[in-house]
Each structure stands twice: as C-alpha cells, then as structure tokens.
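Every number in this text was worked out from the coordinates using simple rules, so none of it is lab data. The model shown is predicted, which means the values in this text are computed figures rather than measured ones. Don't worry about glycine lacking a Cβ; one is built from the backbone with ideal geometry, like all the others, and counts go over all protein chains shown.
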Amino acid sequence: MRVIIKEAGIEYNKANAPKVRTPADVMRECGDLADGDTETFIVLAVDNKNRLIESCIVTTGLINVCLAHPREVFRFAVRKNAAAIVLAHNHPSGDPTPSAEDIRITRQLIEAGKILDIKVLDHVILGLRDEKYVSMRVEGLAEFN
C-alpha cells in the first residue's frame, strides 16, 4: 500500500510509515505549520498500530481562528479507513495555549468520533517552531479515547 503525505511530499508504505504516538511525533509531522501566519487545522489519520496513513489540511482560517467542522474532519478519516485520528493546528501568535473554542471543538470531535468508531487520540496545538506545543491529552483538557 502506498501512502502519500501531501504536505511533505514524502511517500511511505506500511513498512516505513512513521508512528504517531506522542505530541513530539505530531510536531515532527506538522512542525512546518508552526510558523504559519494563519491558523491551519490538520488531521493525521492512523491505522490500528498508530502508523500514519496520511495527513490532510482540513481548513485554513484567519489570523486567529480556524473553524473545523466534524463533517470535514471525519470525511477524510472515513475515506482513509482510519482507525483513529490525531488533530493538530497552529496558533500564529506563537502561544500554543488552547482557547475555550479549541477545547469545545475538540470535545465535539471526540463525541463525533465515538459515533463513527474512529478514536480521537489527541489534539496538539503548535506554537512557534522552537518546538513549543501543547497536547490537550497531556494537559487533561478533554477525555480522549
């Protein structure tokens, strides 16, 4: 099975697909967006062994808001036959502290995932490229699967 990671232009097959288990893994895969000047929301689709299937930019927002609707997030996950997803987006301000809206959307996506039997493993917010990020799972801001 060939999988193309569109943002990086890298081709992986199942044998060499990177695993996405930790917030640092998410930063490795999505770190290029940390320096963006608009909020960009990404979904990383993973298989049942946390191997990256593919990542996708779901929405690109404004300087300080990026709306992610469950329809767009899970359309990608279903098409890729993902067992689970990891969410990520950047904060152009450089401060990765989750907003109340970030927490609300994450909780909504977790609930939608339960209905579809697609786990939401984490939501990582990227700050500046100097590896500043916040994992909502690690911070206990939502009840992830």
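Tabulated values for the structure
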quantity	calculated
Cα centroid of segment 111-145 to Cα centroid of segment 71-86, whole Å	15 Å
Other-chain or far-sequence residues with amide H under 5 Å of ASP122's (modelled H)	LEU87
With 10 Å bins from 0: P(r) over segment 18-135, alpha-carbon pairs, percent	15, 51, 31, 3
Ranked HIS123, HIS89, HIS69, criterion: other C-beta atoms within 10 Å, fewest first	HIS69, HIS89, HIS123
Computed label-point distance, nm, for sites GLU101 and LYS49 using a 7 Å Cα→Cβ extension	4.0 nm
For segment 80-134, share of DSSP beta bridges that run antiparallel, in % to the nearest 5	20 percent
Potential extension, ASP32-ARG79 segment - 0.36 nm per residue separation minus Cα distance	14.5 nm
Point-to-point label distance, LYS19-THR59, nm (Cα→Cβ direction, 7 Å offset)	3.3 nm
Relative contact order of segment 22-145, defined on C-alpha pairs under 8 angstrom at six or more residues apart (%)	28 percent
Percent of beta bridges antiparallel (DSSP, segment 33-145, rounded to nearest 5)	70 percent
Anchor LYS19: lysines whose Cα lies under 21 Å away (excluding residues fewer than 8 positions away in-chain)	LYS6, LYS49, LYS80, LYS119, LYS132
